[in-house]
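Following: one structure in structure tokens, then a few remarks.
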Amino acid sequence: CIRCCDISIAFWIMTIRRVIYACGVFACVLFAGIVLLAARAGKNISMQPMARAEVFIGDAVFNAELVHTSALRERGLSGRESLSEGDGMLFIFPSAAKYGFWMKDMRFALDLIWIRDGKVIGITEEVPAPQGASDVLETYYPPDNVDMVFEVAAGPSRRKGLRIGDAVHVGGGAKLRP
């Protein structure tokens, strides 16, 4: 009967080891799945296509990407190599406030066109891209509360004669509020 107990103990030890091993494998697969889903979710946010519309400022016309969400606003134009003269990014906010903008991961200078109630209320020209990773990032603010900010590569606002007081119109029936 001692032999039976030895076999029974060995059987239970092997069973417990198999259960522990199976739980470990299951935990690893579950963890990998969660990591994969999180990576896909992050990728979907950063890769989702943005709505586009024409933006008319005074006599100038731009092709713009429209940005409504906080995740897209945070990303902005970061990481891009350049922006064509006729292109820009229009940041649309749910309410007017003094929103700050910075140049994190930017590779080219920008003009920031500050807009409230369909009028240009300020233009910050030639905002420089950071020169290195150690650069302290300055935050740029509008002169007053704004409900939209239009970013263009540095230069077009001056070349196209944009001025404070110019009317701003977004074409194509674009959604202007989140």
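Per-structure values
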quantity: Members of segment 43-73 that are open to solvent by 10 Å² or more (accessible area, probe 1.4 Å), farther than 14 Å from M89 by Cα and modelled with pLDDT of 90 or more; calculated: G58, D59
quantity: From the options L37, L110, L83, residue that is at pLDDT below 75 and in contact with an Asp or Glu (Cβ under 9 Å, 6 or more places away or on another chain); calculated: L83
quantity: Matching strands (runs of 3 or more DSSP E) fully within segment 82-169 where at least 1 residues are open to solvent by 30 Å² or more (accessible area, probe 1.4 Å) and not aliphatic (A, V, I, L, M); calculated: 87-97, 110-116, 119-127
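The values are calculated or read from the model by the stated rules, or taken from the named source; none is laboratory data. Everything numeric here is computed off the predicted structure, so don't read it as measured data. A quick note on method: Cβ atoms are made from the backbone with ideal geometry, for glycine too, and the neighbour counts reach across all protein chains shown. All accessible areas refer to the heavy atoms of the entire protein, side chains included, with ligands and DNA or RNA removed. Shrake-Rupley method; radii C 1.70, N 1.55, O 1.52, S 1.80 Å.
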